[in-house]
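Visitor: Right, I'll just put the structure down here and ask away after.
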Amino acid sequence: QVQFVESGGGLVEPGGSLRLSCTASGIAFNIYTMGWYRQAPEKQRELVATITSGGITNYEDSVKGRFAISRDNAKNTVYLQMNNLKPEDTGVYYCKAQTSIRTFWGQGTQVTVSS
């Protein structure tokens, strides 16, 4: 059974930081491209960042220089370090695991950036 446990979301003031974690079980984690996506109210889900099995990263333009994605294959965990958060970063953040033939999603964790 595939399962994701996401954590680290919450309420933070503009300029603050959060670190999201997503721990997977039931998959061969090390072969999957892992990603973080977010969905703001009344908007479509969008890519935030991805990291391949080889460690190559990709970021959405608005988060470049502020967010960092990383993975620890020994712990089956992917992280998203978010710094200098802005109100427009608010949304539900989802973890995604993908190969060429399979895709799995986490349940999401809420991030709210507000003063």
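Visitor: Whether any residue in the stretch 61-77 is assigned to a loop (DSSP other than H, G, I, E, B), surrounded by 15 or more Cβ atoms within 10 Å (Cβ to Cβ) and basic (Lys, Arg) is what I want to check.
Guide: Within the stretch 61-77, the subset assigned to a loop (DSSP other than H, G, I, E, B) is 64-66, 76.
Retained after the next criterion (residues that are surrounded by 15 or more Cβ atoms within 10 Å (Cβ to Cβ)): 66, 76.
Still in the running and basic (Lys, Arg): 66.
Yes, the stretch 61-77 contains a residue that is assigned to a loop (DSSP other than H, G, I, E, B), surrounded by 15 or more Cβ atoms within 10 Å (Cβ to Cβ) and basic (Lys, Arg).
Visitor: Quickly run through the stretch 3-27 and pick out the residues that are assigned to a loop (DSSP other than H, G, I, E, B) and either open to solvent by less than 50 Å² (accessible area, probe 1.4 Å) or closer than 19 Å to ASN83 by Cβ (or both). Show your work before the answer.
Guide: Within the stretch 3-27, the first condition is being assigned to a loop (DSSP other than H, G, I, E, B), and the residues that meet it are 8-9, 13-17, 26-27.
Those that are assigned to a loop (DSSP other than H, G, I, E, B) and either open to solvent by less than 50 Å² (accessible area, probe 1.4 Å) or closer than 19 Å to ASN83 by Cβ (or both): GLY8, GLY9, GLU13, PRO14, GLY15, GLY16, SER17, ILE27.
Visitor: Considering every residue within the stretch 92-111, establish whether at least one is assigned to a strand (DSSP E or B), among the basic types (Lys, Arg) and touching a residue at least 12 places away in the same chain (Cβ under 8 Å). Full working, then the answer.
Guide: Of the residues in the stretch 92-111, the ones assigned to a strand (DSSP E or B) are 92-98, 103-105, 109-111.
Within this subset, residues satisfying the condition of being among the basic types (Lys, Arg) are 96.
With the extra rule that they be touching a residue at least 12 places away in the same chain (Cβ under 8 Å), the set shrinks to 96.
Yes - at least one qualifying residue is present in the stretch 92-111.
Visitor: Out of (1) more than 12 Å from GLY10 (Cα to Cα); (2) at pLDDT 95 or above; (3) surrounded by fewer than 22 Cβ atoms within 10 Å (Cβ to Cβ); (4) not charged (D, E, K, R), the odd one out for GLN110 is which?
Guide: (1)
The values are calculated or read from the model by the stated rules, or taken from the named source; none is laboratory data. Since this is a predicted model, take the numbers as computed values, not measurements. Heads up, the Cβs are rebuilt from the backbone with ideal geometry, glycines too, and the neighbour counts pull from every protein chain shown. Areas reflect the complete protein model, heavy atoms only, side chains present, ligands, DNA and RNA absent. Shrake-Rupley method; radii C 1.70, N 1.55, O 1.52, S 1.80 Å.
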